[in-house]
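In what follows, a structure is listed as C-alpha cells, so that the remarks can point back to it.
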Amino acid sequence: MPHRQNDRPAAELYLGDGERVDIMGANGLPQVHLVEQVYGGARILRFCDDLTGKLMKAEARRLSTVGIWAGKLRGVSHYAAAARRSDLRPGRLLVLVRERDNPHDPNAVGVRAADSDEVVGYVNKAKARQLARQLDAGIHVVAVSLDGTAAGRACTGVTYAAAQPTLLAHLMGPRPITAAKPAHWAD
C-alpha cells in the first residue's frame with residue numbers, strides 16, 4: 001500500500017549536495033534504501049537516506065561513490081516499440097548489455113527488460129564508461145527499474161539503479177527499524 005504523500009517543499013524532501021556526503025555505514029553498506037513514492041499518480045522507487053529520511057536524486061554523485069549507478073536511460077524514445085513490449089515497472093529486473101562494437105560509443109551499455117531480448121535504452125556515456133570497466137573486468141552488476149511502465153503501455157522514460165547483486169539486494173530490502181521515516185510520507 002503506497003503511503004500518502006505530503007506537500008512539503010523540495011528542500012525539505014531531498015538531501016542537499018552538501019548534506020551527508022558520506023553515506024557509507026559501519027557495516028560496509030550504504031545507509032540508503034529504495035522506498036515507494038507516488039509521483040504524478042504513478043508508483044515509483046526513490047533512494048532514501050536512512051538517517052535523515054530525505055530522498056536522493058538518482059543522479060546524486062554520492063551514490064556512485066559507493067558502487068551504485070543510477071539515472072535516466074537515454075534513447076528510450078528511439079526504442080519506443082521495444083519499451084512498449086517490455087515490463088519496465090518499478091522493481092522489475094533489468095539486464096545490462098555491454099556493446100563493445102557500438103559505433104557511437106565503445107563503452108556503450110544497453111539496457112533491456114529481463115523478459116525481453118530488445119534494448120529499450122542506454123546508460124549515459126559518463127556512467128557507461130564506469131560500468132563498462134566493471135563489466136569488462138567480469139564483475140557481475142545487476143539493475144532494476146525505478147520507474148517505467150507495464151508491458152503493453154507506452155513508456156516515455158525509465159530510471160534505473162545498477163549495482164553488484166548484494167548491494168542491490170540491500171537497497172531493495174527492508175529499511176532498518178531505526179531508520180528515519182521517509183520525508184515524503186504524510187503523517
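The values are calculated or read from the model by the stated rules, or taken from the named source; none is laboratory data. Everything quoted here is computed from the prediction, not taken from an experiment. Because the Cβ atoms are built from the backbone with ideal geometry, glycine has one as well, and the counts that use them run over all protein chains shown. Just so you know, the surface numbers come from the protein's heavy atoms only, side chains and all, with ligands and any DNA or RNA stripped out. Shrake-Rupley method; radii C 1.70, N 1.55, O 1.52, S 1.80 Å.
For region 163-187, the set of residues classified as closer than 13 Å to Phe47 by Cβ, open to solvent by less than 50 Å² (accessible area, probe 1.4 Å) and under 16 Å from the mean Cα position of the chain (by Cα) consists of Ala163, Leu167, Leu168, His170, Leu171, listed by residue number.
Spot the failing condition for Glu12; the list is (1) within 18 Å of the chain's Cα centre (by Cα); (2) assigned to a helix (DSSP H, G or I), and only one is missed. Checking Glu12 against (1) within 18 Å of the chain's Cα centre (by Cα); (2) assigned to a helix (DSSP H, G or I), the one that fails is (1). Might you check whether a residue that is open to solvent by 40 Å² or more (accessible area, probe 1.4 Å), within 17 Å of the chain's Cα centre (by Cα), touching a residue at least 24 places away in the same chain (Cβ under 8 Å) and within 22 Å of Arg61 (Cβ to Cβ) occurs anywhere in region 128-137? Yes, region 128-137 has at least one match.
Scanning region 97-124 for residues that are open to solvent by less than 30 Å² (accessible area, probe 1.4 Å) and under 30 Å from Gly28 (Cβ atoms) yields Val109, Val111, Val123. Leu88 satisfies every condition listed in (1) open to solvent by less than 20 Å² (accessible area, probe 1.4 Å); (2) closer than 10 Å to Ala161 by Cα except (2). Quick one: in region 61-85, which of the residues that are open to solvent by less than 80 Å² (accessible area, probe 1.4 Å) and β-branched (Val, Ile, Thr) is modelled with the highest pLDDT? Checking each candidate, the answer is Ile68. For region 85-119, which positions are touching a residue at least 40 places away in the same chain (Cβ under 8 Å) and within 15 Å of the chain's Cα centre (by Cα)? Once the filter is applied, which keeps residues that are touching a residue at least 40 places away in the same chain (Cβ under 8 Å) and within 15 Å of the chain's Cα centre (by Cα), region 85-119 yields Leu88, Arg89, Pro90, Gly91, Arg92, Leu93, Leu94, Val95, Leu96, Val111.
For Leu45, the stated conditions do not hold, so it cannot be described as in contact with a helix residue (DSSP H, G or I) (Cβ under 6 Å, 6 or more places away or on another chain), touching a residue at least 40 places away in the same chain (Cβ under 8 Å) and surrounded by 15 or more Cβ atoms within 10 Å (Cβ to Cβ).
For region 150-161, the criterion of being within 30 Å of Pro9 (Cβ to Cβ), open to solvent by 10 Å² or more (accessible area, probe 1.4 Å) and among the β-branched types (Val, Ile, Thr) is met by at least one residue.
Among the residues of region 39-59, those that are over 11 Å from the mean Cα position of the chain (by Cα) and either assigned to a strand (DSSP E or B) or farther than 17 Å from Pro90 by Cβ (or both) comprise Tyr39, Ala42, Arg43, Cys48, Asp49, Asp50, Leu51, Thr52, Gly53, Lys54, Leu55.
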